[in-house]
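Right, one structure below, let's go through it.
The values are calculated or read from the model by the stated rules, or taken from the named source; none is laboratory data. None of these values were measured; they are calculated from a predicted model. Because the Cβ atoms are built from the backbone with ideal geometry, glycine has one as well, and the counts that use them run over all protein chains shown.
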Amino acid sequence: MRYALIGCGRIAINHLKAVLNNKLELIAVCDTLPEAMEKLLDKYGLKEDDSIQRYVNYKELIDNHPELQLISIATDSGVHAEIALYCIEHGINVIVEKPIAMSIADADEIIKRSDDKGVKVSACHQNRFNIAVQKMRNALEAGRFGKLSHGAIHIRWNRGKGYYDQAAWRGKWASDGGALMNQCIHGIDLLRWMLGDEIEEVYGATRQQYHNYLEAEDVGIAVVKFKNGAIGTIEGTVNVYPKNLEETLYLFGENGTIKLGGTSTNNIDVWEFADMSDEDKNYQGLQEETSNVYGNGHTSLFADMIDAIENNRNPYVDAKAGRNALEVVLAIYKSQKTGQPVKLPLDNFSSIDMVGTFQ
């Protein structure tokens, strides 16, 4: 399958690794910084491969390669929707790094246009493919929890000034948002997915405690009321001293409790059910080794997308899933701005609406 990568920054390493693992035909790469392309290709011994075209303008890449079947977007968040829509208009299937967009309007437009064009769009929430997360999901779908009581996600990470100095777009409302939108949206996606997707109301508060050189928040807390009666809580921050502590997902039901831990929900810390079997005993203490906080899920997400294209089905993590995660973050932002709970569905809101919040 013929493929191109747009955006060669920090997360692109995982994209290129997934490309090679899935034996995609790498046609071209694109970045506004030529040195970023060369540095990325060099990591995988591809710098001297002249068959891989280089572009600094994504439109030129797409216009010059009508043969492309799949593109992944790993740019700064502020242009995800713009590039995705251009790919869709040209009939190219696309994997979009999180967040899928910075506004509800753009996320809705991606869903509408991809449906109209028959183009596949996958939101890159790769942690859904973690072994521990899949085990939790299987137990949930089998009804082993019984009635759900509540769940929680804790993303307790560290990001210092050195991280933000690496790229000027980080921490800005137009191009990134804050801790909830960038670092915590994967965990927020998992919590919503596990607790039933359908949400009545979100009430949240955000603050900028230590990162006064940014526009956006460095900590956010929220309570989420689900239509099935369950309650979810979100705690997300980049203020943990001195390094990343955990990304922990809890799920509590009348007949079961699971706690997923590790730095990216990649371990099973607690696995307890009323109907415990011998197989269940193997899950307690499960640890999936990862080389970074992004986990191993990109390879599986790419494999699923390839299969979805070849078999004309929806990807496992589709554009609507991307919208769902974005909607929770934007609802928390809106709640902070208004001081009131926010009813869902969220008709329209954008990270841009938060400009000036912490000034």
Do any strands (runs of 3 or more DSSP E) entirely within the stretch 16-85 hold 1 or more residues that are of a type in the set (Val, Ile, Thr), and if so, which?
-> 25-30, 70-73
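Going by the conditions given, is ILE73 at pLDDT 95 or above, closer than 24 Å to ILE185 by Cα and surrounded by fewer than 20 Cβ atoms within 10 Å (Cβ to Cβ)? Quick ask: steps written out before the conclusion?
Numbers: at pLDDT 95 or above: yes; closer than 24 Å to ILE185 by Cα: yes; surrounded by fewer than 20 Cβ atoms within 10 Å (Cβ to Cβ): no.
When the stated conditions are applied, ILE73 does not pass them.
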Listed by first then second residue, the pairs whose first member lies in the stretch 111-132 and is free of Cβ contacts under 8 Å to residues at least 24 places away in the same chain, whose partner is among the β-branched types (Val, Ile, Thr) and crowded, with 20+ Cβ neighbours inside 10 Å, with beta carbons under 9 Å and at least 6 positions apart or on separate chains, are ASP116/ILE88
Do any residues in the stretch 9-22 that are β-branched (Val, Ile, Thr) have Cβ atoms under 8 Å from those of residues that are in a helix (DSSP H, G or I), where the two are at least six apart or on different chains, and which pairs are they?
-> ILE13/LEU40; ILE13/LYS43; VAL19/PHE302
Tell me which of these ALA152 doesn't satisfy, since it passes every other one: (1) of a type outside the set (D, E, K, R); (2) at negative phi; (3) not assigned by TED's automatic domain parsing to the domain that holds ILE231.
-> (3)
Restricting attention to the stretch 229-260, the residues that are within 16 Å of TYR283 (Cβ to Cβ) and surrounded by fewer than 20 Cβ atoms within 10 Å (Cβ to Cβ) number exactly 3
Residue check, ALA174 against (1) in contact (Cβ under 8 Å) with a residue 24 or more places away in the chain; (2) surrounded by fewer than 24 Cβ atoms within 10 Å (Cβ to Cβ); (3) under 22 Å from LEU245 (Cβ atoms); (4) not β-branched (Val, Ile, Thr), all met but one. Which one?
-> (3)
Using beta carbons and a limit of 6 Å, which pairs, at least six apart or on different chains, have the first residue in the stretch 75-90 and farther than 14 Å from ILE110 by Cβ and the second one among the aromatic types (Phe, Trp, Tyr) and not in a helix (DSSP H, G or I)?
-> ASP76/TRP169
Kindly indicate the residue of the stretch 287-339 that is more than 18 Å from VAL96 (Cβ to Cβ) and of a type in the set (A, V, I, L, M) and also surrounded by the most Cβ atoms within 10 Å (Cβ to Cβ) among those meeting that condition.
-> ILE332
Applying the selection to the stretch 326-359, what residues are basic (Lys, Arg), closer than 24 Å to TYR213 by Cα and in contact with a strand residue (DSSP E or B) (Cβ under 8 Å, 6 or more places away or on another chain)?
-> LYS334
Sort out which residues of the stretch 317-336 are under 12 Å from the mean Cα position of the chain (by Cα) and among the β-branched types (Val, Ile, Thr), and write them in order of number.
-> VAL317, VAL329
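Looking at GLU141, is it free of Cβ contacts under 8 Å to residues at least 60 places away in the same chain, surrounded by fewer than 19 Cβ atoms within 10 Å (Cβ to Cβ) and not assigned by TED's automatic domain parsing to the domain that holds LEU16?
So GLU141 passes the test.
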Is at least one residue of the stretch 122-133 surrounded by fewer than 24 Cβ atoms within 10 Å (Cβ to Cβ) and more than 30 Å from TYR250 (Cβ to Cβ)?
-> no
Index of the failed condition, LYS98 passing every other in (1) buried (at least 21 other Cβ atoms within 10 Å of the Cβ); (2) free of Cβ contacts under 8 Å to residues at least 60 places away in the same chain; (3) of a type outside the set (A, V, I, L, M, F, W, C) | (2)
Does any residue of the stretch 267-275 turn out to be among the polar types (S, T, N, Q), in contact with a Phe, Trp or Tyr (Cβ under 7 Å, 6 or more places away or on another chain) and buried (at least 16 other Cβ atoms within 10 Å of the Cβ)?
-> no
Any residue in the stretch 148-158 that is among the aromatic types (Phe, Trp, Tyr) and without any contact (Cβ under 8 Å) to a residue 60 or more places away in the chain?
-> no
Residue list for the stretch 342-357, restricted to those being surrounded by 17 or more Cβ atoms within 10 Å (Cβ to Cβ), out of contact with any Lys or Arg (no Cβ under 8 Å at 6 or more places or on another chain) and not hydroxyl-bearing (Ser, Thr, Tyr) | LEU344
Could you tell me which residue of the stretch 182-213 is surrounded by the most Cβ atoms within 10 Å (Cβ to Cβ), considering only residues that are acidic (Asp, Glu) and closer than 15 Å to ILE153 by Cα?
-> ASP189
Tell me, please, whether a residue that is touching a residue at least 24 places away in the same chain (Cβ under 8 Å) and β-branched (Val, Ile, Thr) can be found in the stretch 286-297.
-> yes
